[in-house]
1. Can you compute the radius of gyration and Dmax for the chain, using only the Cα atoms, both in Å?
2. Using Cα atoms only, what is the angle between the long axis of helix 3-25 and the major principal axis of the chain, expressed in degrees (0 to 90) to the nearest 10?
3. Counting only C-alpha contacts under 8 Å and six or more residues apart, can you give the relative contact order of segment 1-49 as a whole percent?
Amino acid sequence: MDTKVLAGLPLLGVGTILLLWTTLSMDSVGPLHLGIAAVAAVGLAVGSLLVGTSVEGRSV
């Protein structure tokens with residue numbers, strides 16, 4: 001496996017779990033839930049960027 005894939009997959013996993021947790025446990029919208037959701041969204045974006053550009057010749 002490429003280094004980018006090994007770095008991106010855990011970010012995707014953690015981001016997905018955080019986003020699901022905040023969605024399922026949210027009874028009202030608060031700053032804590034919004035902050036965790038924002039961190040999860042950034043983690044998903046970075047993880048997908050790393051995995052998507054892991055093939056030789058692909059870049060951003």
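Values in this text are rule-based calculations from the coordinates and carry no lab data. Being a predicted model, the structure only gives us computed values, none of them experimental.
1. Reported Rg and Dmax, both Å: 13.7, 45.
2. 20 degrees
3. Values: 36 pairs, mean separation 27.6, N = 49.
Relative contact order, segment 1-49: 56 percent.
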